[in-house]
Amino acid sequence: MQKTYYDPADLKKFGKISEWNQELGHKFFEYYGKVFEEGALSAREKSLIALAVAHTEQCPYCIDAFTKDGLERGITKEEMMEALHVGAAIKGGATLVHGVQMMNKVNKLDM
(Lines give C-alpha, C1' and ligand atoms only; values in the text may rest on other atoms or scores of the structure.)
Protein backbone atom coordinates (compact mmCIF):
# COMPACT_ATOMS: atom_id res chain seq x y z
CA MET A 1 0.00 0.00 0.00
CA GLN A 2 1.22 3.45 -0.93
CA LYS A 3 2.00 5.71 2.06
CA THR A 4 1.14 9.00 0.36
CA TYR A 5 -1.20 10.04 -2.41
CA TYR A 6 1.75 11.35 -4.41
CA ASP A 7 4.32 8.71 -5.28
CA PRO A 8 7.81 10.27 -5.40
CA ALA A 9 8.71 7.80 -8.19
CA ASP A 10 6.15 9.54 -10.42
CA LEU A 11 8.38 12.61 -10.70
CA LYS A 12 10.69 10.56 -12.94
CA LYS A 13 7.73 9.91 -15.24
CA PHE A 14 7.15 13.62 -15.96
CA GLY A 15 9.01 13.39 -19.28
CA LYS A 16 6.51 10.77 -20.43
CA ILE A 17 3.64 13.25 -20.22
CA SER A 18 4.20 13.87 -23.94
CA GLU A 19 3.25 10.31 -24.88
CA TRP A 20 -0.43 11.05 -25.24
CA ASN A 21 0.08 14.31 -27.10
CA GLN A 22 3.58 14.57 -28.52
CA GLU A 23 3.15 17.91 -30.25
CA LEU A 24 1.95 19.80 -27.18
CA GLY A 25 4.27 17.87 -24.87
CA HIS A 26 7.31 18.76 -26.94
CA LYS A 27 6.24 22.40 -27.12
CA PHE A 28 5.81 22.51 -23.36
CA PHE A 29 9.23 20.98 -22.65
CA GLU A 30 10.86 23.31 -25.19
CA TYR A 31 9.27 26.27 -23.39
CA TYR A 32 10.09 24.85 -19.94
CA GLY A 33 13.74 24.39 -20.89
CA LYS A 34 13.95 27.89 -22.34
CA VAL A 35 12.46 29.43 -19.19
CA PHE A 36 15.15 27.91 -16.99
CA GLU A 37 18.10 28.98 -19.17
CA GLU A 38 20.41 31.69 -17.87
CA GLY A 39 19.08 35.11 -18.78
CA ALA A 40 18.44 38.31 -16.86
CA LEU A 41 18.02 35.95 -13.90
CA SER A 42 20.55 33.29 -13.05
CA ALA A 43 19.60 29.63 -13.02
CA ARG A 44 20.11 29.78 -9.23
CA GLU A 45 17.62 32.65 -8.87
CA LYS A 46 15.11 30.86 -11.10
CA SER A 47 15.45 27.71 -9.01
CA LEU A 48 14.70 29.68 -5.84
CA ILE A 49 11.66 31.32 -7.45
CA ALA A 50 10.47 27.92 -8.66
CA LEU A 51 10.81 26.50 -5.16
CA ALA A 52 8.68 29.28 -3.66
CA VAL A 53 6.04 28.90 -6.38
CA ALA A 54 6.07 25.11 -5.91
CA HIS A 55 5.04 25.69 -2.31
CA THR A 56 2.32 28.23 -3.08
CA GLU A 57 0.96 25.85 -5.73
CA GLN A 58 1.41 22.94 -3.28
CA CYS A 59 3.08 20.65 -5.82
CA PRO A 60 5.02 17.94 -3.98
CA TYR A 61 6.82 16.88 -7.15
CA CYS A 62 8.03 20.43 -7.77
CA ILE A 63 8.98 20.85 -4.12
CA ASP A 64 11.14 17.72 -4.32
CA ALA A 65 12.67 18.68 -7.66
CA PHE A 66 13.49 22.29 -6.81
CA THR A 67 14.69 21.54 -3.29
CA LYS A 68 17.21 19.14 -4.81
CA ASP A 69 18.02 21.54 -7.65
CA GLY A 70 18.48 24.41 -5.22
CA LEU A 71 20.83 22.45 -3.00
CA GLU A 72 22.87 21.49 -6.07
CA ARG A 73 23.07 25.20 -6.99
CA GLY A 74 24.28 26.15 -3.51
CA ILE A 75 21.05 27.63 -2.22
CA THR A 76 21.08 27.47 1.57
CA LYS A 77 18.24 26.22 3.74
CA GLU A 78 17.93 29.76 5.13
CA GLU A 79 17.51 31.18 1.62
CA MET A 80 14.95 28.49 0.82
CA MET A 81 12.91 29.25 3.94
CA GLU A 82 13.05 32.99 3.31
CA ALA A 83 11.79 32.43 -0.23
CA LEU A 84 8.92 30.31 1.15
CA HIS A 85 7.95 33.11 3.50
CA VAL A 86 7.90 35.54 0.56
CA GLY A 87 5.60 33.13 -1.29
CA ALA A 88 3.40 32.69 1.78
CA ALA A 89 3.11 36.45 2.29
CA ILE A 90 2.08 36.99 -1.33
CA LYS A 91 -0.39 34.07 -1.22
CA GLY A 92 -1.86 35.35 2.06
CA GLY A 93 -2.07 38.91 0.77
CA ALA A 94 -3.69 37.78 -2.46
CA THR A 95 -6.30 35.87 -0.44
CA LEU A 96 -7.01 38.83 1.82
CA VAL A 97 -7.18 41.43 -0.95
CA HIS A 98 -9.95 39.37 -2.54
CA GLY A 99 -11.89 40.18 0.62
CA VAL A 100 -12.53 43.56 -1.00
CA GLN A 101 -14.78 41.73 -3.48
CA MET A 102 -16.78 40.30 -0.58
CA MET A 103 -16.95 43.68 1.13
CA ASN A 104 -18.13 45.35 -2.10
CA LYS A 105 -20.84 42.70 -2.53
CA VAL A 106 -22.02 43.02 1.09
CA ASN A 107 -22.12 46.82 0.82
CA LYS A 108 -24.09 46.58 -2.44
CA LEU A 109 -26.61 44.09 -0.99
CA ASP A 110 -27.01 46.06 2.24
CA MET A 111 -28.08 49.19 0.37
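Here are some notes:
- Percent carbon-and-sulfur accessible area, segment 22-88, ignoring ligands, DNA and RNA, probe 1.4 Å: 61
- Calculated SAXS-style log₁₀ I(q)/I(0) at q = 0.12, 0.19 Å⁻¹ - the chain, Debye, Cα scatterers: -0.61, -1.07
- Bridging of Lys91 to lysines at a Cα separation below 28 Å is possible for Lys34, Lys46, Lys68, Lys77, Lys105, Lys108, once same-chain residues fewer than 8 apart are set aside.
- Folded to 0 to 90 degrees: helix 77-97 orientation relative to the chain principal axis, Cα: 40
- Only aspartates and glutamates eight or more places from Lys27 in sequence, or on another chain, were considered; those with a Cα closer than 18 Å are Glu19, Glu37.
- Value of Rg/Rh across segment 17-78 [Cα atoms, Kirkwood radius]: 1.03
- Accessible area expressed per residue, the chain, with surrounding protein chains retained (probe 1.4 Å, Å²): 82
- With DNA, RNA and ligands ignored, accessible area of Asp10 (1.4 Å probe; Å², nearest 10): 50
The values are calculated or read from the model by the stated rules, or taken from the named source; none is laboratory data. If you're wondering where the values come from, they're calculated on a predicted model, not measured in any experiment. These area figures cover heavy atoms from the full protein model, side chains too; ligands, DNA and RNA do not enter into them. Shrake-Rupley method; radii C 1.70, N 1.55, O 1.52, S 1.80 Å.
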